[in-house]
1. Would you mind finding the one in F147, F85, F163, F101 that is part of a loop (DSSP other than H, G, I, E, B) and closer than 25 Å to K5 by Cα?
2. Quick check on this structure: which one of V150, V123, V98 is modelled with pLDDT of 90 or more and farther than 17 Å from C8 by Cα?
3. If I filter the stretch 68-82 down to residues being part of a loop (DSSP other than H, G, I, E, B) and loosely packed, with under 14 Cβ neighbours inside 10 Å, which single residue comes out as modelled with the lowest pLDDT?
4. Just one of (1) loosely packed, with under 12 Cβ neighbours inside 10 Å; (2) in a helix (DSSP H, G or I); (3) among the β-branched types (V, I, T) trips up T45, so point out which.
5. Which condition does L95 not pass, out of (1) surrounded by fewer than 14 Cβ atoms within 10 Å (Cβ to Cβ); (2) closer than 20 Å to S156 by Cα; (3) over 17 Å from the mean Cα position of the chain (by Cα), if it passes all the others?
6. Please go through the stretch 77-89 and pick out each residue that is touching a helix residue (DSSP H, G or I) at 6+ places or on another chain (Cβ under 8 Å) and either β-branched (V, I, T) or without any contact (Cβ under 8 Å) to a residue 24 or more places away in the chain (or both).
7. Closer than 23 Å to F147 by Cβ, crowded, with 19+ Cβ neighbours inside 10 Å and over 12 Å from the mean Cα position of the chain (by Cα): which single residue out of V29, V11, V18 fits that description?
8. Pairs under 7 Å by beta carbon, first residue free of Cβ contacts under 8 Å to residues at least 40 places away in the same chain in the stretch 91-108, partner in a helix (DSSP H, G or I) and among the hydroxyl-bearing types (S, T, Y), six or more apart or different chains?
Amino acid sequence: MELLKKFCYGVDTLNTWVGRFVAWTTALVVVVVFVDVVMRYAFKTSFVFTQEMEWHLFAFIFLIGAGCTLLRDGHVRVDIFYQQFSSKTKAWVNLVGVLLFLIPGCYMIISTSLNFVQAAFAVMEGSPDPGGIPYRWVLKACIPVGFTLVLLQGLSLGIKSYFTIIGQPFTTGMEEGR
């Protein structure tokens, strides 16, 4: 039992730190978008690199930050019924969701994206547009990394849900942003 609790604490700590890094990345997105807007409207010019950087950073934020979002219970769901459930029923919903949907979904995406990333890396794939970002494979590598973080966080959620079901709920203290 202690090993499972340590695993949850380690995963929660990892995703908390990753989430903090991703939060700072959003400031970079603001700067890049600001520069792009100023260049377009003040100087009537635009750079492919800047436009691609916007969506690369946006994708990075969502892919790499998804595990932290799951830790904070920030993913969108239909709470019409869930919010009325007892903590034990919520734990059952979470455990079943992790086992039936999250683990298989993450496995499918991770396993299929590895060849995708490997192929992009093998040719050092970059932007097809002149002046674009030269290392597009780096962004593609965020797919399996991000879904691995979600998978790990899902396992942590499943373990915590199991403990709640058996009457031994615990938290690592990171769910609230501490």
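The values are calculated or read from the model by the stated rules, or taken from the named source; none is laboratory data. Bear in mind the structure is a predicted one, so any value in this text is a computation, not a measurement. Counting neighbours? That spans all protein chains shown, and the Cβs are built from the backbone with ideal geometry, glycine included.
1. Being part of a loop (DSSP other than H, G, I, E, B) and closer than 25 Å to K5 by Cα holds for just one of F147, F85, F163, F101, which is F85.
2. V123
3. Restricting to residues being part of a loop (DSSP other than H, G, I, E, B) and loosely packed, with under 14 Cβ neighbours inside 10 Å, the top hit is V78.
4. (2)
5. (1)
6. Once the filter is applied, which keeps residues that are touching a helix residue (DSSP H, G or I) at 6+ places or on another chain (Cβ under 8 Å) and either β-branched (V, I, T) or without any contact (Cβ under 8 Å) to a residue 24 or more places away in the chain (or both), the stretch 77-89 yields Y82, F85.
7. V11
8. Partner pairs satisfying both residue conditions: V93/Y82.
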